[in-house]
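For reference, the structure discussed in these notes is given below.
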Amino acid sequence: MSKKVVKAVLTSAEIEEQTAAFLKSGGRVEYVAKGKSSQLTSAGPKQINLKSN
């Protein structure tokens, strides 16, 4: 069975309108500095020990 792919194409005017509506409804935009991740993590870095004990 073939599935039909639907693509959404927004104009810059539509994006502007949606952004304005989002901000007007109380939404906020958080700016993240370049090179920073906005993802929160509770675990530290994972290390793999290749030496066998």
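What follows is calculated from the coordinates using simple rules that are stated; it is not laboratory data. In this text, all values refer to a predicted model and were calculated from it rather than measured experimentally. Please note: Cβ atoms are built from the backbone with ideal geometry, for glycine as well, and neighbour counts cover all protein chains shown.
Among Leu50, Leu10, a tally of other beta-carbon atoms within 10 Å of each Cβ gives an order, fewest to most, of Leu50, Leu10.
Phi-derived couplings, Karplus 6.51 cos²θ - 1.76 cosθ + 1.60 at θ = phi - 60°, listed residue by residue for the range 24-31: 5, 7, x, x, 10, 10, 9, 8 Hz, with x used for Gly and Pro. Annotation for Leu10 and Gln47: the two label points, set 7 Å from Cα along the Cα-Cβ direction, are 4.4 nm apart. Applied to the range 8-22, the Karplus parametrisation 6.51 cos²θ - 1.76 cosθ + 1.60 on θ = phi - 60° returns per-residue 3J(HN,Hα) values of 9, 10, 10, 7, 4, 5, 5, 5, 4, 5, 5, 5, 4, 5, 4 Hz, with x for Gly and Pro.
Residues Glu17, Glu30 in ascending order of nearby Cβ atoms (within 10 Å, fewest first): Glu30, Glu17.
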